[in-house]
Amino acid sequence: MKAIVLAVHDEKIEQCNRSDDLIVKMVDSLREENDKDHKQVMERVEKIESRVEEINKIKWMTVGCGALLVVLTGALASLASGWWTPAKVHHQHQIERSI
């Protein structure tokens, strides 16, 4: 009788060991899949970050060009205001007519 009980217990222990091994393999497989998926997600995130950085550079270059255009327009307008006053234009027309 003891031999039968021991044999049953040994069989149960062996079955538990097989189940444990199977669970460990499944966990390892899930871990590998998770690592693979994580790497793919990180690659996508890096690509998106680089695109955002490019867009950010373009944005700031556009803002800088706009600011430069505003400054140059203001400077040109202040210079031109002395050249193109009605009196100066009228005087210039008179000089051209006399030539």
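Does Lys59 satisfy being open to solvent by 90 Å² or more (accessible area, probe 1.4 Å) and at pLDDT 95 or above? Yes: the conditions hold for Lys59. The residues listed here are Ser29, Ser81; of these, the one that is more than 26 Å from the chain's Cα centre (by Cα), modelled with pLDDT of 95 or more and part of a helix (DSSP H, G or I) is Ser29.
The values are calculated or read from the model by the stated rules, or taken from the named source; none is laboratory data. Since the structure is predicted, the reported quantities are computational estimates derived from the model, not experimental observations. All accessible areas refer to the heavy atoms of the entire protein, side chains included, with ligands and DNA or RNA removed. Shrake-Rupley method; radii C 1.70, N 1.55, O 1.52, S 1.80 Å.
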